[in-house]
Structure formats: structure tokens, C-alpha cells
Amino acid sequence: MPFTIAQIADAIGAKAEGDTALAVTAVAEPADARSDQLAMATNPKYTKDLSEGQAQAAVLWADADWRDLGLKAAILPQRPRFAMAGLTRMMDPGQGFGSGIHPSAVIDPTAQVHPDATVGPNTVIGPRATIAEGAVIGPLCFIGADVVLGPNAYLREHVSIGARVRIGANFIGQPGARIGGDGFSFVTPEPSGAEAVRETLGDQGATDAQSYARIHSLGAVRIGDDVEIGASTTIDNGTVRDTVIGAGTKIDNLTQIGHNVVIGRDCLICAQSGIAGSTTLGNNVVLGGQTGITDNIFVGDRVIAGGGSKVLTNIPAGRVVLGYPATKMDTQIEAYKALRRLPRLMRDVQTLQKAVFKPGSND
Amino acid sequence: MPFTIAQIADAIGAKAEGDTALAVTAVAEPADARSDQLAMATNPKYTKDLSEGQAQAAVLWADADWRDLGLKAAILPQRPRFAMAGLTRMMDPGQGFGSGIHPSAVIDPTAQVHPDATVGPNTVIGPRATIAEGAVIGPLCFIGADVVLGPNAYLREHVSIGARVRIGANFIGQPGARIGGDGFSFVTPEPSGAEAVRETLGDQGATDAQSYARIHSLGAVRIGDDVEIGASTTIDNGTVRDTVIGAGTKIDNLTQIGHNVVIGRDCLICAQSGIAGSTTLGNNVVLGGQTGITDNIFVGDRVIAGGGSKVLTNIPAGRVVLGYPATKMDTQIEAYKALRRLPRLMRDVQTLQKAVFKPGSND
Amino acid sequence: MPFTIAQIADAIGAKAEGDTALAVTAVAEPADARSDQLAMATNPKYTKDLSEGQAQAAVLWADADWRDLGLKAAILPQRPRFAMAGLTRMMDPGQGFGSGIHPSAVIDPTAQVHPDATVGPNTVIGPRATIAEGAVIGPLCFIGADVVLGPNAYLREHVSIGARVRIGANFIGQPGARIGGDGFSFVTPEPSGAEAVRETLGDQGATDAQSYARIHSLGAVRIGDDVEIGASTTIDNGTVRDTVIGAGTKIDNLTQIGHNVVIGRDCLICAQSGIAGSTTLGNNVVLGGQTGITDNIFVGDRVIAGGGSKVLTNIPAGRVVLGYPATKMDTQIEAYKALRRLPRLMRDVQTLQKAVFKPGSND
């Protein structure tokens, strides 16, 4: 799939200079690039790497002196990181899932699959599911009863979508994403020790050991447009209403979204984060990897949580947090620094105590 | 599936009042409820929501004044949260997996599948596996050689159960649960740096870099009655004996249970927790989300660990813990509070030092 | 599969004594062992257990007095834990995946599958994939376009390997391992609040809320020889170059390896760890369970991180770390201890303040 430098620059809305009729077949790191490849060297630190590779053309930064770098042509975007979006979309070779419905797919006769959809080998589609135009559904997927899957869905292999889940346009599901499992909701006949601990912050009282009864999930999951869900990520059904993922939100791998959770628009949730049942996130929230958020709380718009944060209380809009328990990031960093000086502080206080209280001194 | 208020109240053992012949078709949140739906308003805080919805009947709390809420009928359970168990079981529409053995399933001729079992499309069942009565096995599952699966098992899509795993009655496996993978057990020819660190708590000594040899898992997994395993959760085979999950225990999504772990009865293990190899949990243990428990330790009966706890030492029965490393919850909360005041404490000590040690001054 | 004590000792390179012609059929824990089983009693603490079981032969430690333990024969390895590797490999009954290509497998006509390979039921193999000699590929796996899978690969059920992934010899993939999902890489048109926080460590400034554009993964994953990948673990494709896993490295369950990560040789990465994008690990690194490592950093050779560590900065070679944020293990342990004494320290400082600053008093 060769493209000329002019075609690429035009597609990503960036300026091109030099021999823009030069064609490239793929992109490469600067040091690895062959002469028919476009080097990604979006930062002056790659200058040396460029000279090690064979690239004749590169994506650089806005005011780069490409002639001085020995190139024949260059693309000079204003925000190189953003240019990567258009460029990589254009050059993506894809997974090669083919087209049409594979004869080994098992599709319920009551399902409605758009005629232009792709359905991979051994995929199973349940009763009354509807698959809109442009869908590419990979191999070995499962789409349950009454699922509604919007236009241009792209499902990698081994994805499962449970009954009654509704998903908007342009959905992407990574390998093994699990949407619409049952919520984890159990109850004891009498109040349990864990319920007592929530009240007392530490004392489970004299409650009896009990077995659990299961609360079934009657709700499902509702997902807006332009959402991506990561590999092995699990999103549970709501109990009475649906669990909700807002439009434009991206969720990384191995993340847990509990029952009844509501996530707003354009959130970015990094890998291995977990959001417990009935918690609500606003819009434009960013969670670093391995963040945990307890159940039944509110996290405001534009909150950013650093990696590994454990959020145990509501967070107001706009706050940046870190730590376990999560507090404002600058407070947390000050506390980390102080903690490292704590052993010395203890020795200082002992010295003071001797000076103040020891006989014949000051005490 | 319409039910009358009387039928529902009877099934869940609660008192009903008003027009108990009124029929409802589903349950709903109070504000969303249509006139043919039963509102879940188990707490006075939902009063306003009830008036926004159209429900004529609701599940309320024991002494609620349902007439005053504008309802025609009400169910008044003593413990509304517990009533949810019976009610949601009754109203669960299920996944629609159908019945009988789908022609695309691949079942080894030596496997014994009970005639009333359901086996979904493209599911694979291995040699000599036995599937008891009442089983519903979803699509794209794998059940390995010599597996024993007890009565009334319910497997969602994409579940895998490795060879020789034995599971009791009423098992539930969520999408993509992985039971019976091999344990993660490797050994170096000579003692490794990591082994030295366990002894010294910080010094790996002068050990050489080495490659790992694999210790195979000869054991399997043994699971009691009434166990549920979450989506994408992984339970590893034991090395010589079996890994054991006790009856009544519920394990949430994305949880790791290492080789040789023994978990007691009626434990509740929330999402993304991990229990490392050869650790033993007692009965009625509760682990909050993202709890980690190190290998080769004992956690006593009725221990409760708050979310995010990292347990590095044995915990006696009945203790409530929190933090990293996990300590008694009240101690931990006191330490968190003190840590936040630490920067001010440091300034106070500096002031004291000046006062005590600086010649001729108090400043 | 009965073996004599002599055969076993010979295979694992250990000394055998007593009636070495005695045959055993399996290994067992000392207390559970039947008379035809070989007890694993590699430590004097198992002496009592041995007397409770029926074993006539056991694997003991180097200078064990086996006659005194009532045995007829014994294997006496120098390093019993290492002997477990050879012994368990020899006695492993396997998963019973059979041999040959199952008729339900869907193999693209352009794929090259070695004639001696095993391919399980309902497995899907894509265009131009090449599967080398000795491969055993379990049921319901997916192997994408242009994948190269080296000799003697062993894939448990439900494994997925995306397009263009290249894997060396002797690979082991546990159930539901996900290799070659797309990287989690998104960018906003203008610099985002999260980008501002990285600069300021806490202040996201006045950036606007924005939607995300997707950066596609053009790279794949490249895996060396002798690598094992755990159940439900996810390894993402690189953006321009490949994500790399070095030879001999073992990765446990539910672990996240981000795009562009480079992991060296002979690393051991325990369950639920996560390594964020573009981070590099050296050789012989050991990560305890639930370790998190931030993006774009370097972790040197032979670093050991204790369970639950959150690594936020580069770590030099050979260091042993613990905590959140991870620091040297001994420093961290000292800080934990100090933190527990902090509430008392605060009271001590209050007493000092009264003594030093209160007028006319020493109390």
C-alpha cells in the first residue's frame, strides 16, 4: 500500500516539503527504516537514529530542518503526536479478517445481520441480535440474545457480548473483552460483618457467619458511540438499570467495571483499573493504570488519578489525585517525601527529648 | 412473564399490602418505572424518584407508608436487600441459551453428558468428562478431559475448565472464567536472587543470573457446591495436590487464585484480587477489590480486608485489615491521618530544635 | 505411567537408595500418598505427614535418613526444589488434547501447518500463518494472519495470537492468553490535562475537555524462545516497532504488557502485574504479584520488586524495591515501621512543645 508523501500530508492535514511525489510503503522507527519507509522522528532526540536508518522521508516536528537531516522529503506537523492518529489509521494493515459471513459461523435465524457485515469463523450470534452496517466481527466471538450493535463495529477475536447489551456506533472490542457478565452482588440473610465494618471502619461486631444469596442482574450494559474496550476487560450488567459507558470513552485491558457503574463521555481508563459497583464518573476523567475506585461514590468531571491510586471517597471535579488512599497529588507527593525523612525525624525528636527532659539539662 | 404482587411477595417471604392481584412484568428503578413495572424503592431516599415514575406497585421497606407514596400495592420486606435475592432470581430473563445439544458442539464420544443438559454452539467437551443433570453450558466453552461438573452447573460463554477439575453442584462460571491453567512455578538450578531477598528482606547477594526450569502442575482444581467464579478470573492447578475452593465461596472478575491455594467456605472475594501460591484462607473471609495476598501464608476465619490491601503476613481470625502492608484497619486509618499531618509536624520539630539548641533564643 | 525409582532418579539426576526397582504411578503429598505413589517430602517438616500416608518411596532432601522414615526407597536430590522440575515434567499427565488436526478446525488454505502438529477442535488459523513442528494447539484458539509460531509450541484452550506476531521455540500459552491486541494509545487535538499534569505533578491547568483520536498499532509482538504467557494475560502490539518479550521470560496470569514495552531475557513477572507503554526491562528482572510500572522508564538487570510495588521512576540494575512509590526495600521497610510509630511521635512532640513553649512550666 504505497502512498506518496503528498498524499499522506494531505490526509493528516500537515505541511509537506521536498520531493513530495516520493512513495513510501510503511512507517518505521528512524534507526530501523528502509529506504522505502517513512521514518517517525517527531522529536529532535531522534536525529542520530535517522542517520543510522535508510529513510529518505520522515515525519518530523513543525520547524525541523529536514535538508540538514539528509532527507529528500518531510512531513512537518504542528502537533506530531496528534498527526500519529491520522497517519497510523491510514497505514494500518489490519487483522485480515476477510469479508462476508464465514460458513462456520452459527447465526440464529432470528438475528438481523447487515448484508455488508463480516462475521468470522466459529462466531456465534444469538436470537434477535441486530448487527448494523459496516460491522467486522472477528473469529470465535459471541453476541448474545437481543444485543444491538451499532454501525461500523470492529470486534477482535474471542469477544463476548451478553444478552440485551446495546452498543452505539464505531465500537471497538479488543480480544477477549467480556461485556455483560452478571454483577457480583450477594447478600446474607442478616446484616454481615462486612456491612458492620462499613459503619464502624474496623469493627465487624458479633455477627454470625452466614452463606450468601445471589442477587441476579436484571439490567444489561449500554455503551455510547466511539467507545473502545480492552482485551480481557470485564463490564458487568446492572442490577435493575443498565451499567452505562458514555460516548467517546476508551477503556484499556484487564479493567473491571462493576454493576450499575455510570461512566461519562470521553474518559480514558488505563489498564487494570477497577471501578466498583454503583460508582459514577463524570466526563473527561483520566485514570492511570491499576487505579481502584470504591463502590457507591462520585468522581467529578476532569478528575485525573495517577497510576495505582485507590480512591475511597468522592472526588470533586477537576481534582488531580494520587496514592492509597488517594488525596490531592501535590499533598500526596509532599507526604511521600516527608515519610522518607521520618526515620531521621524520629531520631531528632529523641535528641530533643534528651535535651529537654534528661536531668541536669533543661527538664 | 407477568406476576401478581401476591405471587412475588409469597415467593420472597415478604408481606404485601393493597391490590395484591395487580400484575407486573418486570422490575425498574423508581424514576424509570412504567405503570406495569414494579419499582425497587427500598429506602426512603427514593420517595421523590417514585413520584417521577409511573409505578403502581413497589418494593419498599418494612414500615413504609405506601398509600402516602401514591401506590396501589406494595411489598414490605423486613430486610429489603435480602429480598432482592429472591425477587431478582424470579424476574431474571436469562441469557436465552436454549436447550439441548447444539449440533456444532464437539463432544468426545467418551464424555457423559446428562440427557437434560444444554450444550451451546461450538462448545468442546473432552474425553471422559461428566456433566450432571440440569447443566446449562453456554457457547464456545471448553471442558477438558476427565472433568466432573456437578448438577445444575451454569456456564456463560467462553468458559474454560482444564483436565481433571472437579466441581460440585450449582456452579456458576461467568464469561471467560479460566479454571485449571497451570501453576506459575519456576525454579533456578542454584538458589536465586529472589530467594535470597526473602531471607534478607532486601539483599539479593551475589547470586548469578540464571534461566528458569518449569515445575509442571500435576494437581488440578477442586471446587465445592454453590460456588461462582467471575469473568476472566484465573484459578491455577495445584502442583502435587489440588487447589481448593470451598463450598459457597463467590469470586468476582479478574481475580487470580494461585496454585495450591486453599479457600474455605462462604468467602467473598472481590474483583482483581490475587492470592499467591500455597496460601490458605479460612471460612467467611471477605476481600475487597484489588486485594493482594502473598504466598504461603494463613488468613483466618472471618478476616475482612479493605479494598487495595496488600497482605504480607499471616492474619489471625476475625481481624479487619487495610493498607499496604495491611495492618488492623483502625491502626491504618490513624496512620493515614498522621501521615497527612506529617509535613506540619516536621516544621514543628524544626521550631523546637531552634528553640532548644540555638544559643540564647526561642525563635 | 508407572516408573521405577531408579528411572526417576536417573531422569532428574539425583541419587536413589533402597529398593530402586520399586515402581510408582504418580506423585502425591506425603499424608495423601497411596502405597503405589511417590511422596513429595522434600523438607523435614513433612516427617509426620509421611507416617500418616502409605507411601513406600519418597523424594526427600540430600542427607535424609529414609530408613528411619519407614520407607523402602528414596530419592535424595541436592536441591529438592530444582528436582521438582524434572520430576513433574516426567509425571505430567497432560491435557489430553489428542493428535492431528481436528476436522472442526478452520485453517486458511494459505496457512502452513507442520504435518506433525496437533490442532484442536474449533480452532481458527488465519492466512499465511506458519506453525512449526511439534506444535500442540488446543481447542478454540485463534492464530492470526502471518503469525510465525516456532517449534514445540503448546497452546492451551482459548488462546489468541493477533496478526504478524512472531514467537520462538518452546512457547507455552495458558488458557485465554491474549497476544497482539492493539495498544492503548489516544491523543487529543490540543495538549490535554493529563499531559499538563505530567509536567506539573499536580496541576492540569486550563486545558479544554476534548475527545480522543486513536493511534493505531502498526507494530506487532515479537517473543523469544522458551517463553510462557499466563491465562488471561494481555500483550499489546507496538505502535511503529514491535513489543518485545525476551527469551526465557515467564509471565504469569492477568498481566498487562503495554505497547512498545521491551522485556529482557529470563525475567519472572508474577500475576496481575502491569507494565505501561514504552517501558524497558533488563534481563533477570523479578516482579512480585500486582506490581505496576509506569510508562517510558527503564528497569535495570536483576531488579527485584516486591509484591504490590508501584514503580514510578527508573530503577538501576540490581536494586531490590518495594512500596508505592517503590523505593529500596530496606528504606521502605524502615518507613513502614516509622509510620506505625508516627501517632506516638506526634504525642511526643506535643509534650515537647508544652515543655519548651508554655510559660512558667516544664510539663
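Within segment B:329-358, being open to solvent by 50 Å² or more (accessible area, probe 1.4 Å), more than 7 Å from chain A (Cβ to nearest Cβ) and of a type in the set (Asp, Glu) holds for one residue alone: B:334. Only one of the numbered conditions (1) within 21 Å of residue C:264 (Cβ to Cβ); (2) more than 9 Å from chain C (Cβ to nearest Cβ); (3) open to solvent by less than 30 Å² (accessible area, probe 1.4 Å) is violated by residue B:213, and that is (2). Number of residues in segment B:158-210 that are more than 7 Å from every other protein chain (Cβ to nearest Cβ), under 24 Å from residue B:253 (Cβ atoms) and in a loop (DSSP other than H, G, I, E, B) equals 8.
Residue C:68 satisfies every condition listed in (1) more than 10 Å from chain B (Cβ to nearest Cβ); (2) in contact with a strand residue (DSSP E or B) (Cβ under 8 Å, 6 or more places away or on another chain) except (2). Just checking, how many residues over segment C:89-113 are part of a loop (DSSP other than H, G, I, E, B) and either within 28 Å of residue B:217 (Cα to Cα) or basic (Lys, Arg) (or both)? Residues meeting the conditions: 11. Restricting attention to segment B:292-306, the residues that are crowded, with 24+ Cβ neighbours inside 10 Å, in a loop (DSSP other than H, G, I, E, B) and among the aliphatic types (A, V, I, L, M) add up to 1. I'd like to check something: does segment B:309-321 contain any residue that is out of contact with any Ser or Thr (no Cβ under 6 Å at 6 or more places or on another chain), among the polar types (S, T, N, Q) and at pLDDT 95 or above? The answer is yes, given that some residue of segment B:309-321 is out of contact with any Ser or Thr (no Cβ under 6 Å at 6 or more places or on another chain), among the polar types (S, T, N, Q) and at pLDDT 95 or above. If you filter segment A:147-157 down to residues that are surrounded by fewer than 21 Cβ atoms within 10 Å (Cβ to Cβ) and farther than 25 Å from residue C:237 by Cα, you find that the one that is farthest from the other protein chains (Cβ to nearest Cβ) is A:151. If you go through segment B:147-156 and keep only what is assigned to a loop (DSSP other than H, G, I, E, B) and either more than 21 Å from residue C:159 (Cα to Cα) or in contact (Cβ under 8 Å) with a residue 60 or more places away in the chain (or both), you end up with B:150, B:151, B:152, B:153, B:156.
Taking segment C:272-290 as the region of interest, how many residues are closer than 22 Å to residue B:310 by Cβ, touching a residue at least 24 places away in the same chain (Cβ under 8 Å) and either open to solvent by less than 10 Å² (accessible area, probe 1.4 Å) or more than 13 Å from the chain's Cα centre (by Cα) (or both)?
As a first pass, look at segment C:272-290 and keep what is closer than 22 Å to residue B:310 by Cβ: C:272-276, C:279, C:281, C:285-290.
Okay, now just the ones that are also touching a residue at least 24 places away in the same chain (Cβ under 8 Å), so C:289.
Then keep just the ones that are either open to solvent by less than 10 Å² (accessible area, probe 1.4 Å) or more than 13 Å from the chain's Cα centre (by Cα) (or both); that gives none.
Result for segment C:272-290: 0.
Would you call residue A:308 within 12 Å of chain B (Cβ to nearest Cβ) and on the phi > 0 side of the Ramachandran plot? So residue A:308 fits the description; yes.
Take segment B:73-89 and flag every residue that is open to solvent by 20 Å² or more (accessible area, probe 1.4 Å), at the interface with chain A (Cβ under 9 Å from one of its Cβ atoms) and touching a residue at least 40 places away in the same chain (Cβ under 8 Å).
Taking segment B:73-89 first, the residues open to solvent by 20 Å² or more (accessible area, probe 1.4 Å) are B:78-82, B:84, B:89.
From what's left, at the interface with chain A (Cβ under 9 Å from one of its Cβ atoms): B:79, B:81-82, B:84, B:89.
Matches in segment B:73-89: B:84 only.
Of the residues making up segment A:114-137, none is in a loop (DSSP other than H, G, I, E, B), closer than 18 Å to residue A:234 by Cβ and within 9 Å of chain B (Cβ to nearest Cβ).
Condition check: farther than 25 Å from residue B:212 by Cβ, more than 10 Å from chain B (Cβ to nearest Cβ), open to solvent by 40 Å² or more (accessible area, probe 1.4 Å) and of a type outside the set (Val, Ile, Thr). Does residue C:16 satisfy that?
Details: farther than 25 Å from residue B:212 by Cβ: yes; more than 10 Å from chain B (Cβ to nearest Cβ): yes; open to solvent by 40 Å² or more (accessible area, probe 1.4 Å): no; of a type outside the set (Val, Ile, Thr): yes.
Here the answer is no, as residue C:16 does not meet what is asked.
Only residues that are open to solvent by 30 Å² or more (accessible area, probe 1.4 Å) and closer than 23 Å to residue A:225 by Cβ were counted in segment A:103-133, giving 8.
The values are calculated or read from the model by the stated rules, or taken from the named source; none is laboratory data. Because the structure is predicted, anything quoted here is derived from the model rather than measured. A quick note on method: Cβ atoms are made from the backbone with ideal geometry, for glycine too, and the neighbour counts reach across all protein chains shown. Each accessible area value is taken on the protein alone, full model and side chains, heavy atoms only, with ligands, DNA and RNA left out. Shrake-Rupley method; radii C 1.70, N 1.55, O 1.52, S 1.80 Å.
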